[in-house]
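Report on one structure; see the data block that follows.
The values are calculated or read from the model by the stated rules, or taken from the named source; none is laboratory data. It should be emphasised that the depicted structure is a prediction, and the values quoted were computed from it without experimental measurement. Using ideal geometry, Cβ is built from the backbone for each residue, glycine included, and neighbour counts are taken over all protein chains shown. Keep in mind that these areas ignore ligands, DNA and RNA; they rest on the heavy atoms of the full protein, side chains included. Shrake-Rupley method; radii C 1.70, N 1.55, O 1.52, S 1.80 Å.
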Amino acid sequence: YNIYYNLNGGVNNPLNPNKYTYESDDIILQSPSKEGYTFIGWTVDGKAFDVSKDTVPAKDITLVANYQVNEYTITFKVDGINYAIIKQNFGTAVAAPNNPSKTGYTFAGWKSSADEKVYAAGASYNVDGSVTMKAEWTANTYKVAYDGNGATGGRMSSSSHTYGVASNLTANAYKKEY
């Protein structure tokens, strides 16, 4: 007799037989595979079928593979601390949580532990496994404008300074005559 397989998008194990005889030894079936899913068993004619327990009928059969979608954990971290944890099914789009904030910095996106890419704030991506997303930051740059506060001479251009980076202010170039 023939064994046909309906793999529902999966890939059959090459060790699985295509034929059997009614008088032959037990049929041994290996699990098929399907990316993002876990194989949960075979059905024949809409009923669960286990070759180790059920009697194999004396006719051609079609084995239908059944799967359960895998659920993955996406952990969003801000400075090493869990910010949000999302459970998501394989192949579905993940919407990142609200952007975090940090004094002196602008949120630049989420860096994936899976591919090391930084995903822009508000971007979504498809889940294909558990992953940690780390907040990435850009230090803010501030402009310092100098005011002579009544000075009668001298000029000073403004200067730029990056948050968290030590730098000196421009030396005073204003003069005041009395």
Task: Which listed residue, of Gly164, Gly129, is at pLDDT below 95, in a loop (DSSP other than H, G, I, E, B) and open to solvent by 50 Å² or more (accessible area, probe 1.4 Å) - done: Gly164
Open item on the list: Being farther than 22 Å from Gly9 by Cβ, surrounded by 15 or more Cβ atoms within 10 Å (Cβ to Cβ), free of Cβ contacts under 8 Å to residues at least 24 places away in the same chain and touching a strand residue (DSSP E or B) at 6+ places or on another chain (Cβ under 6 Å) is true for just one of Ile86, Ile74. Which residue is that?
Closed with: Ile86
TODO: Any residue in the range 147-164 that's touching a residue at least 24 places away in the same chain (Cβ under 8 Å): show its pairings with residues that are assigned to a strand (DSSP E or B) and of a type in the set (Lys, Arg) at Cβ separation under 8 Å, as long as the two are six or more apart or on different chains.
DONE: Ala151/Lys175; Thr152/Lys175; Gly153/Lys175
Task: Residues of the range 19-29 classified as assigned to a loop (DSSP other than H, G, I, E, B), open to solvent by 70 Å² or more (accessible area, probe 1.4 Å) and not hydrophobic (A, V, I, L, M, F, W, C), total - done: 5
Open item on the list: All but one of (1) open to solvent by 60 Å² or more (accessible area, probe 1.4 Å); (2) more than 30 Å from Thr162 (Cα to Cα); (3) touching a residue at least 40 places away in the same chain (Cβ under 8 Å) hold for Ala65; state the number of the condition that does not hold.
Closed with: (1)
- [ ] Check off (1) open to solvent by 70 Å² or more (accessible area, probe 1.4 Å); (2) over 22 Å from the mean Cα position of the chain (by Cα); (3) modelled with pLDDT of 95 or more for Asp45 and give me the number that stays unchecked.
- [x] (3)
Open item on the list: Can you say whether Val64 is of a type outside the set (Lys, Arg), within 30 Å of Tyr1 (Cα to Cα) and part of a strand (DSSP E or B), as far as the supplied structure shows?
Closed with: yes
Open item on the list: Residue pairs, Cβ under 8 Å, 6 or more apart or interchain, first in the range 108-131 and in contact (Cβ under 8 Å) with a residue 12 or more places away in the chain, second among the basic types (Lys, Arg) and surrounded by 14 or more Cβ atoms within 10 Å (Cβ to Cβ). List them.
Closed with: Trp110/Lys134; Lys111/Lys134; Ser113/Lys134; Val118/Lys111; Tyr119/Lys111
